[in-house]
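The values are calculated or read from the model by the stated rules, or taken from the named source; none is laboratory data. Everything numeric in this text was worked out from a predicted model, so none of it was measured. Please note: Cβ atoms are built from the backbone with ideal geometry, for glycine as well, and neighbour counts cover all protein chains shown.
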Amino acid sequence: MYGWIWRHLPGPLPVRIGLASALTLGVVALLMFVVFPWAEPLLPFNDVAVDGE
């Protein structure tokens, strides 16, 4: 998949590196600001029970 993306990016090497970086930052931002906040209430990480025995 990464090879396919790299082959389809236009331009010489410096432009490809810049575009790949922008794509990576875009995916990370999408995950941090949209996907993870949406999924957080669905995950059981806050349901912690400690017995007092």
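Observations on the model:
- Pairs with Cβ under 8 Å, 6+ apart, first in region 16-30 and surrounded by 10 or more Cβ atoms within 10 Å (Cβ to Cβ), second not aromatic (F, W, Y): R16/L9; R16/P10; L19/L9; L19/P10; L19/G11; A20/I5; A20/L9; L23/I5
- Among residues of region 32-48 being at pLDDT 75 or above and of a type in the set (A, V, I, L, M), the one that is nearest to the chain's Cα centre (by Cα) is M32.
- Wholly enclosed helices (runs of 4 or more DSSP H) of the chain bearing at least 3 residues aliphatic (A, V, I, L, M): 13-30
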